[in-house]
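Remarks on the structure that follows.
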Amino acid sequence: MTSTATTIEEYQRGGYKYGFVTDIEMDSLPPGLNEDVIRAISAKKNEPQWMTDWRLEAYQRWLKMDEPDWAFIDYPPIDFNSISYYAAPKSMDDGPKSLDEVDPKLRETYNKLGIPLEEQMMLAGVAVDAVFDSVSVATTFKEKLGEMGIVFCSITEAIQEHPELVKKYLGSVVPQNDNYYAALNSAVFTDGSFVFVPKGVKCPMDLSTYFRINARNTGQFERTLVIAEEGSSVSYLEGCTAPQRDENQLHAAVVELVALDDASIRYSTIQNWYPGDENGVGGIYNFVTKRGKCQGKRSHISWTQVETGSAITWKYPSCILLGDDSMGEFYSVAVTNNRQQADTGTKMIHIGKNTRSTIISKGISAGVSNNSYRGLVQINKGAHNARNYTQCDSMLMGDKCGAHTFPYIDVRNPTAHVEHEATTSKIGEDQMFYCTQRGLSEEDAISLIVNGFCKEVLQELPMEFAVEADKLLGISLEGSVG
Amino acid sequence: MTTMTQNQTMRDNSWLLTELPESVIEHDAARMPKWLADIRRSAFRQFTADGLPSAKQEKWRQINLRPIRETAFGLPADGATDVSEAEVVGHSLPFVDAVRLVFVNGRYAAELSDARAMPSGVTVQTIREALKSESTILETHLTKYVNADDDPFVSLNTALLDDGVVVHIEKNITCDTPIYLLCITTAADGPIITHPRNLIIAEDGAQATIVEDYVGTDGEVYLTNAVTELVVGEDAHLHHYLLERESDAAFNVSTLTAYHKTSSTLSSHTVLLGGALVRNNVNPIIDGEHCHSLLNGLYIGRGKQHIDNLMRVEHRKPNCESRQFYKGILTDESRGVFAGRIIVSRDAQKIDAVQSNQSLLLSEAARANSMPQLEIYADDVKCTHGATIGELDEEALFYLESRGLAEPQAKAMLVHAFAGESLERMNLPVVQEALLQMLTQRLPFTSAANV
Amino acid sequence: MTTPILEIRNLHAGIEGMDIIKGIDLTINAGEVHSIMGPNGSGKSTLAQILAGRDAYEISEGEVLYNGKDLLDMDPNVRACEGVFMAFQYPVEIPGVKMTQFLKAAVNSIREHHGKEALDAVELMGLFKEKAKLLDLPNDLMKRAVNEGFSGGEKKRAEIFQMAVLDPTFCVLDETDSGLDIDALRTVAEGVNTMRNDKRGFLVITHYQRLLDYIVPDHVHVMVDGKIVRSGGKELALELEDKGYSWVDEKLAGAAG
């Protein structure tokens, strides 16, 4: 409980502490979505023709698709023509050549968020790509990583500098027409991170992208691509925040991971987009497609997420276990309070032999929120000796929220062994009384019990994130004590 | 009406929608009381508006209804049946003391039935008889519990409901004699569709056992679309058994809805063995405190059978307990689906609900789907669910073999043990023993070894 | 030497309209060990729960002063911070929360209440080690989740261990002896005895006299049907053991007649 004191302080300060707005001159496209807008985005990024064509193709596909309606979430129809698809600080026009040239206002913004862009101030051993609305502002430690052959840059830069890699892998895990939001993203994505770890290289530091939505009426559509070649490994972290506003804003990202033979990718997310206020006004619609392909033998992809923000979360970080002996993992904590809605989980598609997957999901619902786990475990015909273990636990705080579990298990190979366990519980009065009898305040007691409940997931997070996540859980459940 | 039919033709070309004449509904209506005729008409409208379910609907995602859609079914003719007494005995479970009501192609066959005098306080009638009597039970209860949302088969059953049984057990009466419904379908002259409809009312403190048994002749194509509504009164105990042993080319869609009042107990046992395409819906609505609801199921698939189970346990009141134990054994190219949902409403605190689905896959091409789901709106509940899918436990197999059992024998023993857990939860020896025999014939490996 | 730590005055309490405590007066001075004995359902455990601050009970009459302050007005955690400790009859399991993590939070919460600096990990571990030795706790117990998978004896020893770590002024032991074999009982009693001093008060609630062979009380009270019907020295416990609770009942009946 190192963070007990800070948590209390944050309780008192109350609410969402990243809700500020950076006042900065922006270069934005007017709201609306059509082929011209897509061409304009592509032109702003100086993209080659093949990229523009790829976007237009995705747009045509999107036009023919329907918004999914199967999730346990409820929201008014989104007017895709009222959204601006590009917003970038003016000062980014000339493309700052070094970190020193980054607009002081932007630097200040990231300082305020606890993500200083100066390398000497960085948390030890984390390289950061900072994305502000539609553009990447800065990427730290680029050169140091470059010496080892690791590419860590914005996707925009990668399209220019490493077209052969982008062409080969973009859309190879999440095809354009995978789903409605993935198609939309493919057409209008603006920035995001690109990571390439060459054969045999163990990335010496955690790579991190920090996503910030700032501008009003914009959507953020980032695209992240992580490629780990044979025998390499990388740990990637992402964090997200947005200002406190009364309107809903759309965030529709696509993340693709590719792991070749013996490669390992660990992807951790702390999602803390603005969740809206206690009456459900405002907040981010977080409609995200994240998928990793364990393409190589013995490859390993692990997703860890702590989801506390967003008005609505629709997100299923998944693994396609193609290579023999490959392994997929999904560790998730999803907290909903007030009027938040979350429908999140994972898909584990076992294709190769001896593939293994583990799913640990912890859902905590408070206020009048709804929190659903939805997950698919599919064992294909050729996946001999596949193994899956799933555990999903829900905790309810208060009697006005909902906690739901919707697992889908599809087994087509008799040698598979699939196990699913789930429980629903509440914080027991006995547990609360016991803790308070030992001198803990109710808030501390809840925070302690919730952390215990989530421990199996939190321990999967890299150190820097674990402390952050710990605090976040307490803050997100503020006011949920009966 | 014409426009509606045209719309339907555009949407869905299945025989059920294009060829099912409204005149049938109207023709039967002439000999029915107005309230029933109205219910049937409105259900028919509902059915034609909904059409057959599509795979896009969540509840129907795992089942391919094409064979039903593409079959031209005839409606069974009233009157003469060609089932002999000997055939009935051949099909019948060996009860010595049961009331046996035999239905052939959905129509009550009095000459084949054994409706011995019931204890006083117990009334067993066919729907047709009940309609002629003074009883208001049908009008009070029929269609009041079953949910037709998303399930056009229920609407279709109601639209064509014409026969079945009405069982009424009066207050505090214990009916020790099992009530056995044997439904035989013969479709040698071409595919037919039947719509058995049953209503079972156990008044407060009453107790009874109902066995529904569906049989047919292998190779014959037909669709049994059955609906049973149960009302379990305060402190009443109902034991319900459903045995599905249809023809291997037949389709069976059955829906069981049980309405629980305070302190009532229901044990529902379902064994699915036959049929090419089987859909089993079970829906307890627990609308009183201190109830116990047990759903015990066993399904065994072989050949290309598709067996689909949809459980929906609705907890509306606090302090209740529900248990779902469904087990599947799948061989050859068969596929077993289990989708179970526990719904706990906001005020239903202190619910203790357990849901378990275990599937054994015994061949390369068999397939199992499991979707054990929880939808919880109350915070003080204990709900757990679990699913396992896999082949026989190799450790156990090795242990048995190391003690001297041959592999088939060891496998048979384990498969029997797996199925045995389902049988042990039943409390009707005649059914248990008969099932054990059927399983021995049907389960893989067992022909190779005497267990 | 007669500084009262706890003064219970004419306490009446119940749950959901049912009276359980029907007028109790009891003063515990610093340095004293009091024992309350009584048959099942006499209200002993209810009294313990009320002192610790379980809010399920309604106080209909009377007051409880703790070091001169209104105890009933304090939240349970404030009571704990002020030095009230209860060893639970049934310590609850808290999955995922390690014993060390839990105690660290408790110790520092209490220290903060007294305006003291929080202890760092090294200091805490030293403290835990020292106290664990006292109770003969298995090494891995500290690494396990609070009370999870503990045996009955381990749970009770862990309660006394926590008592030693938190260093309270007033301790309530609610049937700490139940379910303990004689060896475990001895260990627990030794732990309690080493904590006895002239500043601390104890209220030991038990059904059986056995525990009082090891934790020798200064005063014994017999509670029947929500009232203290007899008080005396430690010899009262032996008398009670000898003659059984029916003896008190008969005496009561006699008095009423």
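Some observations on this one:
- Each Lys or Arg adds one and each Asp or Glu subtracts one; over the other residues with Cβ under 13 Å from the Cβ of A:ASP23, this totals +1.
- Two-site label geometry, A:MET463 and A:LYS105: point separation in nm, points 7 Å out along Cα→Cβ: 3.7
- Remark on region A:333-482: ratio of C-alpha radius of gyration to 2.2 N^0.38 Å is 1.18.
- Share of pairwise Cα separations in region C:4-256, more than 22 Å, in percent: 55
- Across region C:4-256, Cα pairs under 8 Å and at least six residues apart give a relative contact order of 28 percent.
- Helix-only [θ]222 nm of chain B, DSSP H runs n ≥ 4, -39500 (n - 2.57) each, per residue, nearest 500: -7000 deg cm²/dmol
- Model label sites at C:ASP73 and A:TYR75, defined 7 Å from Cα along the beta-carbon direction, differ in position by 5.0 nm.
- Taking other Cβ atoms within 10 Å as a rough exposure proxy, A:PHE80, A:PHE196 sort from fewest to most as A:PHE80, A:PHE196.
- Entries of B:LYS59/B:LYS350; A:LYS353/A:LYS426; A:LYS455/B:LYS382 with Cα pairs more than 31 Å apart: A:LYS353/A:LYS426
- For the residues of C:89-95, the average number of beta carbons from a partner chain within 10 Å of their own beta carbon is 5.
- Kirkwood Rh (inverse of mean 1/r, distinct Cα pairs), region B:2-288, angstrom: 19.3
- A:GLU278 paired with A:ASP23, simple spin-label distance in nm, labels 7 Å along Cα-to-beta-carbon: 3.0
- For C:LYS243, the lysines whose Cα comes closer than 21 Å to its Cα, not counting residues fewer than 8 places off in the same chain, are C:LYS44, C:LYS227, C:LYS234, C:LYS251.
- Distant-in-sequence amide H partners of A:GLY276 (H built 1.01 Å from N, under 5 Å): A:GLY283, A:ILE284
- Dimensions of region B:394-451 based on its C-alpha atoms, expressed as ranges along the principal axes with the largest first, amount to 36, 20, 14 Å.
- Distance cut-off 33 Å, percentage of C-alpha pairs in region A:4-476 lying past it: 34
- Paired Rg and Dmax values of the protein assembly as shown, which use every Cα atom, in angstrom: 34.9, 107
- Computed [θ] at 222 nm, deg cm²/dmol, chain A (DSSP H ≥ 4; -39,500 (n - 2.57); rounded to nearest 500): -7000 deg cm²/dmol
- Projecting the Cα atoms of B:ALA412, B:ALA368, B:GLY390 onto the dipole axis of region B:324-451, where Lys and Arg carry +1 and Asp and Glu carry -1 at the beta carbon, places B:ALA368 farthest toward the positive end.
- Using the Cβ-Cβ distance between C:GLU58 and B:LEU436 with R0 set to 41 Å, the FRET efficiency works out to roughly 0.10.
- Lys, Arg +1 and Asp, Glu -1 on Cβ, resulting dipole of region C:133-199 about Cα centre, debye, nearest 20: 220
- Formal net charge of residues neighbouring B:ASN281 (Cβ-Cβ distance under 11 Å; K, R +1; D, E -1): 0
- Lysines with Cα under 24 Å of C:LYS131, excluding same-chain neighbours fewer than 8 positions away: C:LYS98, C:LYS104, C:LYS116, C:LYS143, C:LYS155, C:LYS156, C:LYS199
- Note on chain C: dipole from Cβ charges, positive end direction compared against C:LEU240, C:HIS221, C:LEU166; the farthest Cα belongs to C:LEU166.
- Average beta-carbon neighbours from other chains, 10 Å sphere, peptide A:391-403: 4
- Charge dipole (Cα centre; +1 on Lys/Arg Cβ, -1 on Asp/Glu Cβ; no other charges) of the protein assembly as shown amounts to roughly 1280 debye.
- In whole angstrom, region B:141-186 maps to an equivalent ellipsoid with semi-axes of 26, 17, 9, each derived as √(5λ) from the alpha carbon gyration tensor and ordered largest first.
- FRET efficiency, 1/(1 + (r/R0)^6) with R0 35 Å, evaluated for B:GLU401 and C:ASP136 via beta carbons: 0.15
- Total formal charge among the other residues, if their Cβ is under 11 angstrom from that of B:ALA434, Lys/Arg +1 and Asp/Glu -1: -1
- What the Cβ-Cβ distance of C:LEU65 and B:ARG346 gives, at R0 = 41 Å and to the nearest 0.05, is a FRET efficiency of 0.45.
Laboratory data are not the source of any read-out in this text; all were calculated from the coordinates shown. If you're wondering where the values come from, they're calculated on a predicted model, not measured in any experiment. Backbone-built Cβ (ideal geometry, glycine too); neighbour counts: all protein chains shown.
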